[in-house]
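Since the structure comes first, as structure tokens, the remarks are kept for the end.
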Amino acid sequence: MFRTLLLGTAAAVALVAAAPAFAQDWRQDLPVFRIGLLGGENEADRLRNNECLIEALGSRLGVPVELFPAPDYAGVMQGLLADQLEMSFLGASGYAGIYLQDAEAVEPIFTNAEADGSLGYKSVMVVRADSDIESLEDMQGRTLAYADPNSTSGYLVPRFELGQQGIADDYFAQTGFGGGHEQAIVAVLNGQYDGGVTWVSGVGEVSEGYSRGNLRRMVDNGLLDMADLRVIWESNLIPNGPIVLRKDVPAEVREIVVEYFGNQREIDRECYVNVSFGDGAGWQPVDHAFYEGVVRMRQAEMEGSR
């Protein structure tokens, strides 16, 4: 069953919101609203950071909201494709992967704006600060941890941009997957890999883990002191990932979700900060056109691996 695949030993988190007296037909067809949570940080943190959505959306929709923390990106992608999730926060590559399998499965509705108003973020490569690795050139013959094969900043973009510089995986002694962004950085800190890639906002103080992103979340959670890492490479700007909804959700559901996230930073600031990995300028409407470049990049990656 899909629930078992996503949750493993953890139970889904749900709140039964009080349904209005005039129960509408769509609630009979959609008795629960299911949100997929990408892998990338430990399950307890994912649930805690997103649990605010249970009440916020449950009270507005009038149906229970459940959170499904997948062990990896593929679990959420397959859940959306199988009509077993209604919504998720995706990276651009994850959205592209779904679109290339079924262009009618989901639609992007919002992306997050950074503190400076930009709609992009960056991939960075980091090493331990006490290593002798000072630059990308020093990574030749060393080991590199990617985050997840469906991650934009943790795999697709660094491989693409490094390839543009003539650097393929055989430049490194070994490449592998950390099992998520947080896990890839922990692997570097523990000496399992010499370098790792992850995502950051690209703005703010590097010494604080930037303004938003995986490094900032790890710093805020007491899992990382940026003095222990050195950033040796940054990508070009990457389109921020979308909030996606299945295209077949009822129109009223879409309206409620769009209204809430369109105003979340103003009406529910703490929840906004928690679910978006740090403070930014709020959710901005987007559509498929915003991700066409990443779709082409992912398609090229797929064709190149055949």
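The values are calculated or read from the model by the stated rules, or taken from the named source; none is laboratory data. These figures come from a predicted structure and were not determined experimentally. Glycine also receives a Cβ, built like all others from the backbone with ideal geometry; neighbour counts cover every protein chain displayed.
Quick grid of which residues meet (1) in a helix (DSSP H, G or I); (2) modelled with pLDDT of 95 or more; (3) surrounded by fewer than 18 Cβ atoms within 10 Å (Cβ to Cβ); (4) not assigned by TED's automatic domain parsing to the domain that holds ASN150:
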residue: LEU6; (1), (2), (3), (4): yes, no, no, yes
residue: ALA10; (1), (2), (3), (4): no, no, yes, yes
residue: GLN28; (1), (2), (3), (4): yes, no, yes, yes
residue: PRO31; (1), (2), (3), (4): no, yes, yes, yes
residue: ARG34; (1), (2), (3), (4): no, yes, no, yes
residue: GLY40; (1), (2), (3), (4): no, no, no, yes
residue: ARG46; (1), (2), (3), (4): yes, no, no, yes
residue: LEU67; (1), (2), (3), (4): no, yes, no, yes
residue: GLN78; (1), (2), (3), (4): yes, yes, no, yes
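Could you figure out which of (1) surrounded by fewer than 16 Cβ atoms within 10 Å (Cβ to Cβ); (2) modelled with pLDDT of 95 or more; (3) in contact with a helix residue (DSSP H, G or I) (Cβ under 8 Å, 6 or more places away or on another chain) isn't true of ASN263? Of (1) surrounded by fewer than 16 Cβ atoms within 10 Å (Cβ to Cβ); (2) modelled with pLDDT of 95 or more; (3) in contact with a helix residue (DSSP H, G or I) (Cβ under 8 Å, 6 or more places away or on another chain), only one is false for ASN263: (3).
Annotation: ARG216 fulfils all but one of (1) assigned by TED's automatic domain parsing to the domain that holds SER93; (2) in contact with a Phe, Trp or Tyr (Cβ under 6 Å, 6 or more places away or on another chain); (3) not in a strand (DSSP E or B); the unmet one is (1).
Quick check on my filter: what residues within the range 225-245 are within 13 Å of VAL127 (Cα to Cα) and of a type in the set (Gly, Ala, Ser)? ALA227, the sole residue that qualifies.
Take the conditions closer than 30 Å to ASP25 by Cα, of a type in the set (A, V, I, L, M, F, W, C), without any contact (Cβ under 8 Å) to a residue 12 or more places away in the chain and surrounded by fewer than 21 Cβ atoms within 10 Å (Cβ to Cβ) and apply them to ALA168. Does it pass? No: the conditions fail for ALA168. Filtered by the rule that a residue be surrounded by 19 or more Cβ atoms within 10 Å (Cβ to Cβ) and either of a type in the set (A, V, I, L, M, F, W, C) or under 11 Å from ARG230 (Cα atoms) (or both), the range 114-132 gives VAL124, MET125, VAL126, VAL127. For the range 278-306, the set of residues classified as surrounded by 14 or more Cβ atoms within 10 Å (Cβ to Cβ), more than 19 Å from the chain's Cα centre (by Cα) and among the polar types (S, T, N, Q) consists of GLN299 only.
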